[in-house]
Amino acid sequence: MTTLANAPPLVLGLTSAGTLMTPEEFDAVTEYDPEYCYELIHGVLVVTPIPLAEETDPNDELGHLLRNYQDQHPQGRILDGTLPQQFVRTTTGRRLADRLIWAGLGRVPDRQRDVATIAVEFVSAGKRSRRRDYEEKRREYREAGIREYWIIDRFERRMTVVVNDPAGPREQIVQEHETYTTPLLPGFELPLGRLFELAGRWETRGE
């Protein structure tokens, strides 16, 4: 029995951090404070601030590049959909990814059933955030069946790509001046420096 048994409907907020929940209870929540983000990690509710502009603007640009590829590239139909701030369903919780990308289904994805093809994280400041993005999510996304994991790090000015092959994960480092391509999205090109340029605009404002 969890702490929420026989309780009234829960409204999530900052004070909800640390609440014990099952994945099913988390999925049933319909009311929450939009000033925060919520994840369920090993049965414990984690509450964090909404992403900074240094992360959301490059994320928006990535979405723009993907949609242009989908609409204009001859092979763009392989991209079924992409959305920011989406949950990855793990066996013990719900991880919030900065962006998920579905490809190769040939239809609109079912977010509850279709595992994303690619997960993307924009690294936040702090040792705890780096550990989460580089270690915890890397392991959990592989276990969930995600085929590629992009870790976009504006502090290191590079992207780490984890390719989850059947034989085991392999890693590729993409530097700031390089353009990344993947066989999962034939013909799509990601100019990494463009994302860091957008992040830098907000950082120089000191906001």
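So the values come out like this:
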quantity	calculated
Test: residue in segment 83-95 that is among the small types (G, A, S), without any contact (Cβ under 8 Å) to a residue 60 or more places away in the chain and in contact with a Pro (Cβ under 7 Å, 6 or more places away or on another chain)	no
Selection status of E121, of a type outside the set (F, W, Y) and more than 12 Å from the chain's Cα centre (by Cα)	no
Matching residues in segment 170-188 - criterion: being out of contact with any helix residue (DSSP H, G or I) (no Cβ under 6 Å at 6 or more places or on another chain), more than 18 Å from E156 (Cβ to Cβ) and not polar (S, T, N, Q)	R170, P183, L184, L185, P186, G187
Checklist (1) of a type in the set (D, E, K, R); (2) open to solvent by 60 Å² or more (accessible area, probe 1.4 Å); (3) within 23 Å of S129 (Cβ to Cβ); (4) at pLDDT below 95 applied to E31, failing item	(3)
Selected residue (criterion: least open to solvent (accessible area, probe 1.4 Å)) from residues of segment 169-207 that are charged (D, E, K, R) and at pLDDT below 95	E203
G43 being open to solvent by less than 30 Å² (accessible area, probe 1.4 Å), on the phi > 0 side of the Ramachandran plot, of a type in the set (G, A, S) and modelled with pLDDT under 95	yes
Failed condition for P74, given (1) without any contact (Cβ under 8 Å) to a residue 60 or more places away in the chain; (2) of a type outside the set (V, I, T); (3) open to solvent by 60 Å² or more (accessible area, probe 1.4 Å)	(1)
Residue within segment 131-145 that is of a type in the set (A, V, I, L, M) and either at pLDDT below 95 or more than 21 Å from D165 (Cα to Cα) (or both) present	no
Options Y149, Y134, Y141; residue that is in contact with a helix residue (DSSP H, G or I) (Cβ under 8 Å, 6 or more places away or on another chain) and surrounded by 15 or more Cβ atoms within 10 Å (Cβ to Cβ)	Y149
Qualifying residues in segment 51-64 (those that are out of contact with any helix residue (DSSP H, G or I) (no Cβ under 8 Å at 6 or more places or on another chain) and surrounded by fewer than 18 Cβ atoms within 10 Å (Cβ to Cβ)) - the one nearest to E203 (Cα to Cα)	D60
Where T22 falls short, out of the listed (1) surrounded by fewer than 19 Cβ atoms within 10 Å (Cβ to Cβ); (2) touching a Phe, Trp or Tyr at 6+ places or on another chain (Cβ under 7 Å)	(2)
Qualifying positions in segment 110-124 - in a loop (DSSP other than H, G, I, E, B), touching a strand residue (DSSP E or B) at 6+ places or on another chain (Cβ under 8 Å) and either acidic (D, E) or crowded, with 20+ Cβ neighbours inside 10 Å (or both)	D114, A116, T117, V123
Any hit, segment 118-127, residues being on the phi > 0 side of the Ramachandran plot and of a type in the set (G, A, S)	yes
Options L100, L65, L96, L83; residue that is assigned to a helix (DSSP H, G or I) and either modelled with pLDDT of 95 or more or in contact with a strand residue (DSSP E or B) (Cβ under 8 Å, 6 or more places away or on another chain) (or both)	L65
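The values are calculated or read from the model by the stated rules, or taken from the named source; none is laboratory data. Every value quoted in this text rests on a predicted model; they were computed, and no experiment measured them. Glycine also receives a Cβ, built like all others from the backbone with ideal geometry; neighbour counts cover every protein chain displayed. Quick note on the areas: whole protein, heavy atoms, side chains included, nothing else; ligands and nucleic acids left out. Shrake-Rupley method; radii C 1.70, N 1.55, O 1.52, S 1.80 Å.
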